[in-house]
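Worksheet for the structure shown next.
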Amino acid sequence: MNDGRRVLIILPAWNEEDGLPSVLREIQQQLPYVDTLVVDDGSADNTAEVARAAGSAVAQLPFNLGVGGAMRLGYRYAQQHGYDVAIQVDADGQHDPAYVPALLERLAVGDADLVIGARFAGDGDYTVRGPRKWAMSLLSVVLSRITRTKLTDTTSGFRACNRPLIEFFARWYPVEYLGDTIESMVGAARSGFTVRQIPVAMRERTTGRPSASPFRAMVYLTRAGLVLLLAMIRRMPGELKAFTPGTPAYAAFQQRTAELVARELTRA
Amino acid sequence: MRLSVLTSITGLLVLGYILELLRRQQLREKYAAIWLAIGLLAAPLGFVPDLLDPVARSLGVASGVSLVFFIGFVLVLLVSLHLSWETSRLEAETRTLAEDVALIRAHLVQQGGYPSTSPRAEEAGAIEAQVNS
């Protein structure tokens, strides 16, 4: 389903040499029309070499910047290399590339700038309990209000965005705790971008375990609340206004994508 | 009398240390200015602590020494806040530089002009702890 849009899958990776090759192979087999960029976030192992050997482009940070820092690098790469769509996928195999076409399709409808692959939205049977669940419900309620759409999995790192939002995120991407998921979404929504979600099923992660103790869940709830508050009151840099919906730049990017798709469809 | 000896000697030592750091170019002028100003204001008060007594009394503070304590505390608070601000700015600049390095390196590897083996790895651990916190 190559419709003329150039698609980049960004995989932020920190010490993922074990799982990364199979994740990359799966993407290449299922989605031969996309390019991948592995952002090696200052790994101490051979993440970068393994990714290169698997045939992916690699951007190697000289030291660890966290997921937010890695993602902004990914968006800057996508911007520099002229991609029309950027999709964030975790390098640990949690995100099933089979859902990527669904994300792309949802973006192509044209009424969404950011599409989130969400659990708890029908597909899959992932469950959580206790304070962690309260935190997630609180986030869902507040963020659904902010984005004026129903969101069920606001911390999902499985997301796709279009060219205008690539330009936006290349210039502004929060780097602190939960910034890569919550604050980036709030910032985009506050700037006028449209957020939508589609249901996906998440797989068990192949490496690492999520933290689950009630105490850590309470800490998570508190920090999430603080992040949310800061995201709401923070002033967005003024120069970003040139790329938000309603501006000539936004319209130009939209038109370029539409032309690409139209040309590809007439050729097919 | 003992208190004024202690405070005046401390004030002079701090002032001397700031000048020495400046002389060895270990301190940027923009920070030195703050510290020199504080030192120059505080040193005379060390010699004559009751200099501020009238001012203190008019503000409702019991003695000049207490007022100096209070002002000193506020100044130190402001200076450390300023340092946090500078650190945040520096961290943002460092991050942008790191991204630029990674982008340029990725480009060079694609053009075949850069050896694609990992150059660092060991030093990553130390810095990562700071950046991630």
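Tabulated results
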| item | result |
| --- | --- |
| Candidate set: region A:113-128, residues that are assigned to a loop (DSSP other than H, G, I, E, B) and touching a helix residue (DSSP H, G or I) at 6+ places or on another chain (Cβ under 9 Å); chosen: the one modelled with the highest pLDDT | A:ASP113 |
| Members of region A:76-95 that are among the polar types (S, T, N, Q) and surrounded by fewer than 23 Cβ atoms within 10 Å (Cβ to Cβ) | A:GLN79, A:GLN80, A:GLN94 |
| Some residue of region A:93-104 being more than 13 Å from the chain's Cα centre (by Cα), within 13 Å of chain B (Cβ to nearest Cβ) and of a type in the set (D, E, K, R) | no |
| Total residues in region A:43-69, condition facing chain B (nearest Cβ under 9 Å) and farther than 18 Å from B:LEU108 by Cα | 10 |
| Filter result (under 18 Å from the mean Cα position of the chain (by Cα) and either surrounded by fewer than 19 Cβ atoms within 10 Å (Cβ to Cβ) or farther than 16 Å from A:ASN162 by Cβ (or both)) within region A:58-75 | A:VAL58, A:ALA59, A:LEU65, A:GLY66, A:VAL67, A:GLY68, A:GLY69, A:ALA70, A:ARG72, A:LEU73 |
| Scan of region B:81-122 for residues that are modelled with pLDDT under 90 and among the hydroxyl-bearing types (Ser, Thr, Tyr), ordered by number | B:TYR114, B:SER116, B:THR117, B:SER118 |
| Count - residues of region B:46-63 that are at pLDDT 75 or above, in a helix (DSSP H, G or I) and within 19 Å of B:THR10 (Cβ to Cβ) | 2 |
| Any chance A:GLN29 is in contact (Cβ under 8 Å) with a residue 12 or more places away in the chain and of a type outside the set (A, V, I, L, M, F, W, C) | no |
| Helices (runs of 4 or more DSSP H) contained in region A:137-244 and holding at least 2 residues modelled with pLDDT under 90 | A:214-233 |
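The values are calculated or read from the model by the stated rules, or taken from the named source; none is laboratory data. Only a predicted model underlies this, so the values are computations on that prediction, with no experimental measurement involved. FYI the Cβ positions are ideal-geometry reconstructions off the backbone, even for glycines, and counts take in every protein chain you see.
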